[in-house]
Amino acid sequence: MAEMEGPERREGLSARALVLGLIGVVTCAYIVAHAELVLPATYMGAAHLPGASLAVLLFLVPANWLVKRATRGRGLSKGELIIAYYMMTAASLIASFGLANHLLPGIIGLNYLADITARWDLLSKNLKPWMVPFDLHGGPNQLVARRFYEGLRAGEHVPLGDWLVPLLFWSAFFLLLTFAFFCIATILRKQWVEHERVSFPLVQLPVEIARAEPVRGSFFGNWLTWAGFSVPFLFHAVNGLHQLYPVVPELKVWILLNQYFPPGRPFDGLFYTPLVITFAPIGFAYFVPLDVLFSMWFFFLFSRFEGLLASLFAGSALLVHKVGHPAWVFIAYQSVGAFIVVAGYMIWAARGHIKAVLRAALGFVKGMDKDEPMPYRAAVFGLLLSFGLLLLWAHFAGLSLPLAAGLFFIFLFLLEPVLARCVAEGGLIMIQALFLPLDIPAMFVPRAAFGARNLVPLGIIDSVFTRDRRGSLLPTMFDAFKACDMTGVSRRAMFVALVVAIPAAMLSSFLIELWLCYHRGALNLRGAFTVGLPFSMTRPYLQMLEAPPEPPGWQPPVFTAVGAGVTIFLYVMRARFPWWPFHPLGYAMGATWSLFPLWFAFMVGWLLKASILRYGGRPMFVKARPLFLGLIMGEYAAALVWVIVSCFTGKPGPSILQW
């Protein structure tokens, strides 16, 4: 691909970067599948800076130095390395929570797991034949499902023919969503990167590694890098040795704070409150604005304080568990209101830019999208087209079109942009919301009123695609296009590389995971994916249908309004008082699972960053940068080392990157 013209010449997509990236795609798909399914070890793809792709990058960079030395500088450029890295990052996400680890057990487990198939008649009448790899008229526990969970017998082969049609059907849905994400990222990129100057904490380390040189004073030649690296690496080395030799003392990683409080009121309102010792998020926190950073951990603790007050003054009237999410209902719906206002504010703040994009899409302005990932016309009309095709897909899935239109709109224009912003500005390594798209219309209509026709397929859609978004590709697209600016790569070259990588990653992940499940038996693999997901995430939708229809309670609409009001107040205070320390993103995300393992690390990171800026100023902040990047690299390197050790010993490794 030729270099792009623009304000400056940018590096295009070379054949060797594309080939290297594709090799890395298959490699990362295998690493993620093996680490997350076979080994009771670290998640290597369940984060927006995945361990698998960073591990391969850490291998490529020193290998590239040797090639350059042997060939007098003919090695890979930093741009080629960063293109390959983001191709591998997309593959790591797709192989993990982003698609494969959820989709395959999610659609076959319906037939095998008895606790779900007790309502086989309901499932078989409301799913389409092309949605699942088994015969809807053949009853539960069919051979294709038994062999997936129990393993093949001698002489048997993986039944790829049974999987072909459903995988094509669900892949079409995933690719339509992915194309819509590309369109959204293209439309909003300039607003976030150039106008609002969002910090993109997760981009810093891979870019620093890709452009590092083996010279004194560079990133790898700075003693602060290795000082930061050594802290998590040695910490986890102790716990790794404890797994191999129990006589070695264990350093606690997950500490449940609830155990230190007496049972009963008001402490039953605390909900699950862990303190997690993790180092990489401290490094990410260093690149997050102080107000966002403070708000993330503050509002996590504030949600616990809300629970105490609710238990003390209202008791069981307010302490109602939000099904499928780790929060009380009254807290979860505050997050709904906050998301609505945050999404609205982002659109309002970008109104000038969006107007310019629309003018360019309609042909009134020329040249303003010369090195955007896509031309603005393709992005705007492509977004409309992808939305229309998603509705066509919904028709073939048997969904009501008005309901599908509303749910897809909430997902694409409310949930995903806000969650992506939390990664780009808040440095969240993994993202989940406290609500699903269906929760918003369900504030006004009983869930059972949507009927089995909608709820049965929505059970699969929500469990695979909308509930746990730590595998979302939208934040990675924003990160990749920001990395282009930092390494001189054409954004359109990155777009083409990702377009090639994503289908390759899907195919690789499907084949690798099917091979693992059928040859090893999914019951012998990580149960959180193979059993827990279809069991716990589809069953609630069947329970909605079995329970008598009840009118929606008062809590969801009331606390949605409370959440919206508080968020508006936070935005007004930020606009009027520059010193105001509370950011709406923290309020929107504070009670989500994303902060459960990260709140303490963010608090430590906030204390360190605030102290450095106060007592050392900007020069000290810049000087200490390698120290915090080293913290990230050290924890990821420790995860990689202990995954390798687990492969050889067959014993579980220490708890690292367990987000």
Discussion item. So, in the range 294-349, exactly how many residues are among the small types (Gly, Ala, Ser), farther than 24 Å from Leu570 by Cα and over 21 Å from the mean Cα position of the chain (by Cα)?
Written reply: 5
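Going by what's in this entry, would Pro446 be described as without any contact (Cβ under 8 Å) to a residue 60 or more places away in the chain and surrounded by fewer than 24 Cβ atoms within 10 Å (Cβ to Cβ)?
Working: without any contact (Cβ under 8 Å) to a residue 60 or more places away in the chain: no; surrounded by fewer than 24 Cβ atoms within 10 Å (Cβ to Cβ): yes.
Judged against the criteria, Pro446 is not a match.
Out of the residues in the range 625-645 meeting the condition of being among the β-branched types (Val, Ile, Thr) and open to solvent by 10 Å² or more (accessible area, probe 1.4 Å), tell me which one is nearest to Arg470 (Cα to Cα). Break it down into steps so the answer makes sense when it comes.
Quick first cut of the range 625-645, residues among the β-branched types (Val, Ile, Thr) only: 632, 641, 643-645.
Next, only the ones that are open to solvent by 10 Å² or more (accessible area, probe 1.4 Å) stay: 641, 643-645.
Working: Val641: 23, Val643: 21, Ile644: 24, Val645: 26 Å.
For the range 625-645, the residue satisfying everything is Val643.
Can Glu513 be described as acidic (Asp, Glu), surrounded by fewer than 17 Cβ atoms within 10 Å (Cβ to Cβ) and farther than 26 Å from Leu308 by Cα? Explain how you work it out, then say what you get.
Values: acidic (Asp, Glu): yes; surrounded by fewer than 17 Cβ atoms within 10 Å (Cβ to Cβ): no; farther than 26 Å from Leu308 by Cα: yes.
The answer is no for Glu513.
Which residues, taken from the range 61-86, are open to solvent by less than 50 Å² (accessible area, probe 1.4 Å), farther than 14 Å from Arg491 by Cα and in a helix (DSSP H, G or I)?
The first filter runs over the range 61-86 and keeps only residues open to solvent by less than 50 Å² (accessible area, probe 1.4 Å), leaving 61, 63-64, 75-77, 79-86.
Now narrow it down to the ones that are farther than 14 Å from Arg491 by Cα: 61, 63-64, 75-77, 81, 85.
The answer is Val61, Ala63, Asn64, Leu81, Tyr85.
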Worksheet entry | Selection from the range 611-654 of residues that are free of Cβ contacts under 8 Å to residues at least 40 places away in the same chain and hydroxyl-bearing (Ser, Thr, Tyr) | Ser611, Tyr615
Discussion item. Looking at the range 495-519 only, could you name the residues that are β-branched (Val, Ile, Thr) and within 26 Å of Ala180 (Cα to Cα)?
Written reply: Val496, Val499, Val500, Ile502
Worksheet, complete the sentence: Just one listed residue, out of Phe602, Phe621, Phe648, is surrounded by 23 or more Cβ atoms within 10 Å (Cβ to Cβ) and assigned to a helix (DSSP H, G or I), and it is Phe602
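Within the group Phe364, Phe409, which residue is open to solvent by 60 Å² or more (accessible area, probe 1.4 Å), not in a helix (DSSP H, G or I) and not charged (D, E, K, R)? Lay out the reasoning, then the answer.
Details: Phe409 fails: not in a helix (DSSP H, G or I).
Just one listed residue meets the conditions, Phe364.
Step by step: first the residues of the range 214-266, then only those that are part of a loop (DSSP other than H, G, I, E, B) and of a type in the set (Ser, Thr, Tyr), then the one that is modelled with the lowest pLDDT. Which residue is that?
Of the range 214-266, the ones part of a loop (DSSP other than H, G, I, E, B) are 214-222, 245-253, 261-266.
Imposing the further condition that a residue be of a type in the set (Ser, Thr, Tyr) reduces the set to 218, 245.
Values: Ser218: 84, Tyr245: 93.
So, considering only residues that are part of a loop (DSSP other than H, G, I, E, B) and of a type in the set (Ser, Thr, Tyr), the one modelled with the lowest pLDDT is Ser218.
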Practice prompt. Name the one entry in Gly471, Gly451, Gly459 that is open to solvent by 10 Å² or more (accessible area, probe 1.4 Å) and either assigned to a helix (DSSP H, G or I) or touching a Phe, Trp or Tyr at 6+ places or on another chain (Cβ under 7 Å) (or both).
Written response: Gly451
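So how many residues does the range 575-621 have that are of a type in the set (Ser, Thr, Tyr) and farther than 15 Å from Gly427 by Cβ?
Residues that pass the stated criteria total 3.
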Worksheet item: Is it true that some residue in the range 232-250 is within 27 Å of the chain's Cα centre (by Cα), open to solvent by 70 Å² or more (accessible area, probe 1.4 Å) and of a type outside the set (Asp, Glu)?
Response: no
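Each row is one residue, and each column tells you yes or no for (1) modelled with pLDDT of 95 or more; (2) crowded, with 18+ Cβ neighbours inside 10 Å; (3) over 30 Å from Phe387 (Cα atoms).
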| residue | (1), (2), (3) |
| --- | --- |
| Gly106 | no, yes, no |
| Gly109 | no, yes, no |
| Pro159 | yes, no, yes |
| Trp163 | yes, yes, no |
| Leu168 | yes, no, no |
| Phe182 | yes, yes, no |
| Ala185 | yes, yes, no |
| Leu188 | yes, yes, no |
| Trp192 | yes, yes, no |
Discussion item. I need the full set of residues from the range 295-320 which are more than 25 Å from Leu598 (Cα to Cα), assigned to a helix (DSSP H, G or I) and open to solvent by 30 Å² or more (accessible area, probe 1.4 Å), in order please.
Written reply: Leu312, Phe313, Ser316, Ala317
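So which residues in the range 590-599 are open to solvent by less than 40 Å² (accessible area, probe 1.4 Å) and among the hydrophobic types (A, V, I, L, M, F, W, C)?
Going residue by residue through the range 590-599, those that are open to solvent by less than 40 Å² (accessible area, probe 1.4 Å) are 590-592, 594-599.
Answer for the range 590-599, where residues must be open to solvent by less than 40 Å² (accessible area, probe 1.4 Å) and among the hydrophobic types (A, V, I, L, M, F, W, C): Ala591, Leu595, Phe596, Leu598, Trp599.
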Worksheet item: Given the residues Phe148, Phe97, Phe134, which is the only one that is under 26 Å from Met477 (Cβ atoms), surrounded by 15 or more Cβ atoms within 10 Å (Cβ to Cβ) and of a type outside the set (A, V, I, L, M)?
Response: Phe97
Worksheet item: Arg211 fails exactly one of the following numbered conditions: (1) under 27 Å from Phe59 (Cβ atoms); (2) open to solvent by 40 Å² or more (accessible area, probe 1.4 Å); (3) modelled with pLDDT of 95 or more; (4) not polar (S, T, N, Q). What is the number of that condition?
Response: (3)
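The values are calculated or read from the model by the stated rules, or taken from the named source; none is laboratory data. Given the structure is predicted, the values throughout are model-derived calculations rather than measurements. Glycine gets a Cβ as well: all are built from the backbone with ideal geometry, and neighbour counts include every protein chain shown. The protein model used for the area step is the full one, side chains on, heavy atoms only, and it has no ligands, DNA or RNA in it. Shrake-Rupley method; radii C 1.70, N 1.55, O 1.52, S 1.80 Å.
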